[in-house]
Structures are given as C-alpha cells and as structure tokens.
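Each remark here refers to the structure printed beneath this line.
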C-alpha cells in the first residue's frame, strides 16, 4: 500500500512544502495531478475538515465535491465504533504518517471498504493539515472472494487439475490430482508433469506434437499412460489449455485430467468378449474371419497359410455320461492342449460345440501343416483327469491350404471342413487334406 500511494503523496507534499501556498489556492499542475490520480484524495486542514478533494474520491463515494468540502473527515466513517477507534489512532499519531483500513459512508447509504494512508503537511513547526489517500478495496475483496470460490470449485471437482508456468513447472494441483497420482502438492510443485508422471509409454514425437500445439496457443486433448508415485500405471484423458496475457504471451498452462483406466479396462473386456469364446478364451468365429482376411492377401507360392479344422470324436457321450459341466472342462482342456501345439503367431479358435480351427500363419510346405496336425491328434489322445476320472478323447482333422485350396475365408473353411469329415469317415483320429 505504501508503494501504491507513494506517487500521489510525493506530489501533494511537494506542493504543501512551498511556503505560503494555501491548499485552497490550487494551481494548474496540482489540478493535473489530482485529476490523474486513480486513488481517492482528501486534503484536510489542521482541524480535520475537508478542504480539497479529487474526482476519484467523489466517484468512489458518490458525492459531489461541494458535498465534501468543509465536512469533518471522520464524518465519512460508516460506523460509530470505527469512527471512535480511528479518531483515537489519528489523535495518537497526529502529525505522523499512519495508515489502515476502514469502511466509508457512501452518499447512497452504503459502505465502501478502503485502505487509507494519512500524510501530515507541516510548515516549519506548524501542522497545516494533511492528505488522506485511499483505495477502493471492494474490487480486491470481490476478486479475492471470486478466487476463493474458484479454488474451492477446483478442489472439489472429480477431475485432476494442474496449473504450470510457461516452462511447464507445476505451480498448483488440486486434491483429485493428488488422489490420482499419489503425489501431494508439496511434492509436485516445481517439477514438470513429465518428470513426475512419465511412464515411457509415449514416444518423443508424441510429446513434440503436444507441445507444438499448446505453444501455438491452441488447446490439446489426448490420452496418456502415466505412472503413479507407487509405480503403478494408469490411463488418463488430458486437456491442456494455455493462459495468455493481454499481449498474447503465454503465462500458464492449465491441464484437466480424467482417470480413464476403468473405461479402458471395460473397453478391453468388451473387445475381448466380442472376439473370443467365453468358455475357453480362444478366438471366436469373428476373430478367425478377421485374421483370415488379414493373412490371405499375403499368401503366394512361397508363403502358404493352413486352416486346420478339427472335431472331437465321441464328445457327446462324455456330455451325456458325466454332465455338461464335465463336457465344458473337457473343452477347456482341449483348448489348452491346442495352444501348446502351435506357435505364438498362429491362431486357435473355437467355432462352437466341439469344433475348433487352427490357423497356421506362414508355412512353406504342406508337410508342415500335416506335422502340426499329427502333433495335435497325439496331444488330444492323451487321457484327461476330470473330477477324478480319466477321460479319453480323440479328434478328426482336415486341412485346407491357401492359395491352393482357396483364396477367401469361406472357401478355405468349407474345404477344411470337408477334409475333416473325410478323416472322420476314414476311421477317426486322422488327418486329411
């Protein structure tokens, strides 16, 4: 406040120091000073009566200049208690510089909060009066209340909020950010979000594009995989907006984060269920057809694809004798054995019931497919222990090759199915092309 009033005070004191100049006399340069001041000014005589007032003070309180001239300064104080306490203070420091805050009475009956500073004017040892400079605090209080309201709102939103300076150093975070990341505000302030949360999942190019966008003054929105304080990973949806000065210079960045880990998990679950058999976890028909459509265009004379279609022999008697729950256990065990017989790049699918398809991606000769087929039949012929019982099963297997037997998914599956029935008709537990 001392700095705020300094310029006006110095100008008025310079005027008051000129011997023989009475406040009421005025001068052109003084009028210019008073007119240009944004603070309110009251000049008081030695008895505390108003002898000069500037337009800013009139506008602040709603009075005309004539309303104030000759008025006792303390008559402007809003409350009697304030008037008494201020009178005591000014009396105690009469002739000395003093300052404080008070509520002043406006012409409309309202009360205006101000900060004030009293500067005495001396001529030799004689006190001529003084100058009171005052600043309207209502806007400050409104802004302070508005700021507290915003902070309260940000503290209570479900999304994490982070504010950084123009160099991305964290200045403030809310409680949701602390819960989301595990870092307290004291731990986060001064660091960059990248140093605090980077999991290494995003590429350098990803961050370059992000910074290019926000440094251009644009809003950036995207998803990141970040790391919490405890080392666990989480998915977040992040929006970053730059905050500019009037001249366009970026002062801050504000980021709003939403933890979308649960949503991403649900999306993965939905995707898995849409593309997999729920009993065995194998690919379903939809996923098999997608994989065939992806792989068939890559086939040529030197790179073949094999479709192995197999059907369990005597599966129905197992279901009928031991119940469907044992039949389900048998299907799960068959799925596990099929996985163990193929490469990681191959696909095992269950079409439904006791029908399975193995897709061998990239083979050079038909014999490779036949060898895998025999390996599968050998694995499936081994007894299974289900609920304390040895259950034995076998399968018949048909093979179709791409491009020799077809160049589309439907044809290849049909040819492999036909070959499987030929194997079953030939005595079960066989491989047929």
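Over the chain, what is the relative contact order in percent, taking alpha-carbon pairs closer than 8 angstrom and at least six residues apart?
9
Taking segment 289-391 on its own, what percent of its Cα-Cα pair distances exceed 15 Å?
More than 15 Å apart: 64 percent of the Cα pairs in segment 289-391.
If you average 1/r across every pair of different Cα atoms in the chain and take the reciprocal, what Kirkwood value do you get, in Å?
30.3
Within segment 190-204, what residues put their amide N at less than 18 Å from the label point 7 Å along the Cα-to-Cβ vector of residue 169?
Residues 190-197 fall inside that zone.
Once you put a point 7 Å from the Cα of residue 189 and another 7 Å from the Cα of residue 233, both along the Cβ direction, what distance in nm separates them?
Distance between label points: 3.3 nm.
Let me know the Rg and Dmax you get for segment 198-258 when you use only its Cα atoms, in Å.
Both quantities, over Cα of segment 198-258: 13.1, 42 Å.
When you count, for each residue, the other Cβ atoms within 10 Å and take the mean per peptide, how do 102-111, 127-136 rank with the highest first?
127-136, 102-111
In percent, how large is the relative contact order of segment 312-428, given Cα pairs closer than 8 Å and 6 or more residues apart?
Worked out over segment 312-428, it gives 22 percent.
Assuming R0 = 35 Å, can you tell me the calculated FRET efficiency for the pair residue 394 and residue 298, based on Cβ-Cβ distance, to the nearest 0.05?
0.55
Hey, what angle do you get for helix 324-340 against the long axis of the chain, alpha-carbon based, 0 to 90 degrees rounded to 10?
Here the helix axis deviates by roughly 90 degrees.
What do you get for Rg/Rh of segment 157-264 when both radii come from the Cα atoms and Rh is the Kirkwood radius?
0.95
Using label points projected 7 Å from each Cα along Cα→Cβ, tell me how many nm separate residue 247 and residue 215, to one decimal.
2.0
Note the angle between two axes, namely the Cα long axis of helix 366-380 and the longest principal axis of the Cα atoms of the chain, as a number of degrees from 0 to 90, rounded to the nearest 10.
Tilt relative to the chain: about 90 degrees.
Residue 265 versus residue 374, label points 7 Å from Cα toward the beta carbon: distance in nm?
4.8
Helix 80-92: angle to the longest alpha-carbon principal axis of the chain, degrees 0 to 90, nearest 10?
Between the helix axis and the principal axis of the chain, the angle is about 60 degrees.
Could you work out how far the C-alpha centroid of segment 259-293 sits from that of segment 380-433, in angstrom?
25
Estimate the FRET efficiency between residue 254 and residue 290 by the formula 1/(1 + (r/R0)^6), using the beta-carbon distance for r and 45 Å for R0, to the nearest 0.05.
For residue 254 and residue 290, the calculated efficiency is 0.60.
Taken together, the values in this text are just the output of simple stated rules run on the coordinates, not laboratory data. Predicted model only: the values in this text are computed from it and were never measured. When we count neighbours, we look across all protein chains shown, and the Cβ atoms used for this are built from the backbone with ideal geometry, even at glycine.
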